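First comes the structure, then the notes that go with it.
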Amino acid sequence: MNKKAPVLELKNVYRSFKQGTQNLQVLRGIDLEIERGEVVALTGPSGSGKSTLLQIAGLLEKPTKGDIYLDGQNCSKLGDAIRTSLRRDYLGFVYQYHNLLADFDAVENVMLPQLIAGVKYKTAEEKAKWLLKKMGLEKRFKHRPAEMSGGEQQRVAIARALANAPKLLLADEPTGNLDPKTSETVFAELLSVVKETGLSALVATHNLELADRMDRKVKLDSGKLIDMRAEKFISEKNFY
């Protein structure tokens, strides 16, 4: 793979869905590049297509038209087996709901993706504990999800998403179910560990205060992706 290529690149991506006899256009010619170590906020109103865009970027859904590149490799027409392998080795996912396994404790939940990838048990355990410590959960190693708060569960989910050292983290409203104080704590820890490990991230959020703390923002509006840096420049130019 090309080391100089963006971690993620979407080129002219369209996505439409059949709704009765009509075609519902959700994404209309999306172009997006995410560089190494860059954390990008994806904003936009509910129903604007943020989750659809993340699903396509994460190779969970195919676009109606357009191309998806990971590290310069065109993944648009790859078969299911290769796409699954790329998701496992290259991508990390965090959702609004934590989706932890109820019968496993925090360490075991973070170990599982590593064991599936062939990592040795002891190595997986050490990595799980290191990540959980980074998320402030060193006192929750042996706690199962039902024994943890919502914020703690989401921090375990973030640690799990980072367990296989992905190059790109895709997060869909990762603090959406949390109260403002907990949301702030969880996001600060997420941003800290992302920056420390040097991976890239695309984070969908309604929280504009959190979005302002990322490297840059893009916004989905009527199926189009707007670079907020360009919008700010145009606004300032008009003002002066």
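Data table
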read-out: Residues (under 27 Å from GLY151 (Cα atoms) and either part of a helix (DSSP H, G or I) or open to solvent by 70 Å² or more (accessible area, probe 1.4 Å) (or both)) located in region 79-101; value: ARG87, ARG88, ASP89, TYR90, TYR95, GLN96, TYR97, ASN99, LEU101
read-out: Long-range neighbours under 8 Å by Cβ, at least six apart or interchain, first residue over 21 Å from GLU33 (Cβ atoms) and in contact (Cβ under 8 Å) with a residue 60 or more places away in the chain within region 197-214, second exposed (fewer than 14 other Cβ atoms within 10 Å of the Cβ) and of a type in the set (S, T, N, Q); value: HIS206/SER46
read-out: Region 15-31 residues that are within 19 Å of VAL218 (Cβ to Cβ), paired with ones that are at pLDDT 90 or above and small (Gly, Ala, Ser) (beta carbon under 9 Å, 6 or more apart); value: ARG15/GLY66; LEU27/GLY66; GLY29/GLY66; ILE30/GLY66; ASP31/GLY66
read-out: Cβ pairs under 7 Å, 6+ apart, first in region 75-104 and within 20 Å of LEU199 (Cα to Cα), second assigned to a helix (DSSP H, G or I); value: CYS75/ARG83; CYS75/LEU86; GLY92/ALA161; PHE93/ALA161; VAL94/ALA157; VAL94/ILE158; VAL94/ALA161
read-out: Qualifying residue in region 148-157 (condition: of a type in the set (Val, Ile, Thr), open to solvent by 10 Å² or more (accessible area, probe 1.4 Å) and without any contact (Cβ under 8 Å) to a residue 60 or more places away in the chain); value: no
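Okay, residues lined up against (1) of a type outside the set (A, V, I, L, M); (2) under 18 Å from the mean Cα position of the chain (by Cα); (3) in a loop (DSSP other than H, G, I, E, B):
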residue	(1), (2), (3)
LEU32	no, yes, no
GLY37	yes, yes, yes
VAL40	no, yes, no
SER48	yes, yes, yes
THR52	yes, yes, no
GLN55	yes, yes, no
LEU60	no, yes, yes
ILE68	no, yes, no
LYS77	yes, no, yes
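The values are calculated or read from the model by the stated rules, or taken from the named source; none is laboratory data. On a predicted model such as this, the values are computed, not experimentally measured, just so you know. For neighbour counting, all protein chains shown are included, and Cβ atoms are generated from backbone atoms with ideal geometry for every residue, glycine included. We work out accessible area using only protein heavy atoms, side chains counted, and drop any ligands, DNA or RNA first. Shrake-Rupley method; radii C 1.70, N 1.55, O 1.52, S 1.80 Å.
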